[in-house]
Amino acid sequence: MIRFASLGDSVTSGYGDPMPGGNWRGWAALLAEALPPDTDFHNLAVSGARAADVAERQLPAALELRPHLASVLVGMNDTLRGDFDADILARRLGDVVAALTACGATVLTARLPDPGRMFNLPGVIARPLGRRMEALNTALDEIARRHATIHVDLAGGTSYDKTHWSVDRLHPSEVGHRYLAHRFASALRDAGHPVHTLPGLAATNPLPTLSARVWWMATKGNQWLLRRSTDLLPSLAQMAAREWLAPGRESMPGPSIAGVPGPVPQPPQTR
């Protein structure tokens, strides 16, 4: 039996991949279905989670399960906040992955897509966000190298295809979730781990109608923006102002990992 624990935010909890009964499924559940039939899957991810939430709440629950396989996809929410600190974020993520590998788990990690490119944001916002994502992905690459994680690159290629994203452009669509599951299943298989079958890439649930997408944005989508606007929008405005007045000011050196200072080595080849 394989115990699989997934840690992260709304992407891993399944947002954007609704099931007919009203529940969310998501890439981690699709990946679990691709593993041997006796896989014991536990989705610990929570919408809105940041790296600190994963370290303080989800990690202890995962360690109690003593998983054979664990996924850690988090950090996007951190890059969109006013208190973003690349060094602190790198240390937290490094500690989470180190703890999971120490308990014997194979850990799945990924380079994350650039929100500025996803949302087609104006340059004064897209550029500082891009630098934050570069710092995060550099840290994730180094964590993957140090702990020999199964590491995939979601920061390029077809990751930005419009069909891969739901109407809010914040969460993957069913096709996007299937793409994530397929990438991780392929990487696991290539690394010699048992994979029963690769997840299909074609959507199997009916696509939401235009009226349904408009209704979702007018209700749940706007609620999401309102809940986060007290911090997210002011921080984006501040980033834009700093970029306008002093381009490149938010440029940051490579973060240190596990207290080791200095430049981060070149990223490993992703699977």
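Of the numbered conditions (1) under 21 Å from ALA144 (Cβ atoms); (2) assigned to a helix (DSSP H, G or I); (3) in contact with a strand residue (DSSP E or B) (Cβ under 9 Å, 6 or more places away or on another chain); (4) not polar (S, T, N, Q), ALA61 fails exactly one; give the number of that condition.
Failed condition: (1).
Just one of VAL72, VAL46, VAL11, VAL54 is in contact with a Gly (Cβ under 9 Å, 6 or more places away or on another chain), without any contact (Cβ under 8 Å) to a residue 40 or more places away in the chain and among the β-branched types (Val, Ile, Thr); which is it?
VAL46
Here's a check for you: in the stretch 86-99, which residue that is over 17 Å from the mean Cα position of the chain (by Cα) and hydrophobic (A, V, I, L, M, F, W, C) is nearest to GLN58 (Cα to Cα)?
Checking each candidate, the answer is ALA99.
Report yes if LEU89 is outside any strand (DSSP E or B), closer than 30 Å to MET1 by Cα and of a type outside the set (S, T, N, Q), otherwise no.
No.
Determine if the stretch 72-80 includes at least one residue that is among the charged types (D, E, K, R), modelled with pLDDT of 90 or more and not in a loop (DSSP other than H, G, I, E, B).
Yes.
Restricting the first residue to the stretch 147-167 and requiring it to be of a type in the set (Lys, Arg), which pairs with a second residue that is at pLDDT below 90 and surrounded by fewer than 19 Cβ atoms within 10 Å (Cβ to Cβ) meet a Cβ separation below 9 Å and a spacing of at least six or different chains?
Listed by first residue and then by second, the contacts come to LYS162/ARG169.
What about PRO67, is it of a type outside the set (A, V, I, L, M), part of a loop (DSSP other than H, G, I, E, B) and over 20 Å from SER10 (Cβ atoms)?
Answer is yes for this residue.
Rundown of residues vs (1) among the basic types (Lys, Arg); (2) modelled with pLDDT under 85; (3) closer than 28 Å to LEU100 by Cα, yes/no style:
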site: GLY130; (1), (2), (3): no, no, no
site: MET133; (1), (2), (3): no, no, yes
site: THR138; (1), (2), (3): no, no, yes
site: ALA148; (1), (2), (3): no, no, yes
site: TYR160; (1), (2), (3): no, yes, no
site: TRP165; (1), (2), (3): no, yes, no
site: LEU170; (1), (2), (3): no, yes, yes
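Determine, yes or no, whether PRO36 is modelled with pLDDT of 95 or more, in contact with a Pro (Cβ under 6 Å, 6 or more places away or on another chain) and in a loop (DSSP other than H, G, I, E, B).
yes
Of these, ALA110, ALA98, which one is modelled with pLDDT of 95 or more and not in a helix (DSSP H, G or I)?
Just one listed residue meets the conditions, ALA110.
The values are calculated or read from the model by the stated rules, or taken from the named source; none is laboratory data. Keep in mind that this is a model prediction, so the values were computed, not measured. Neighbour counts run over all protein chains shown; Cβ positions are idealised from the backbone, glycine included.
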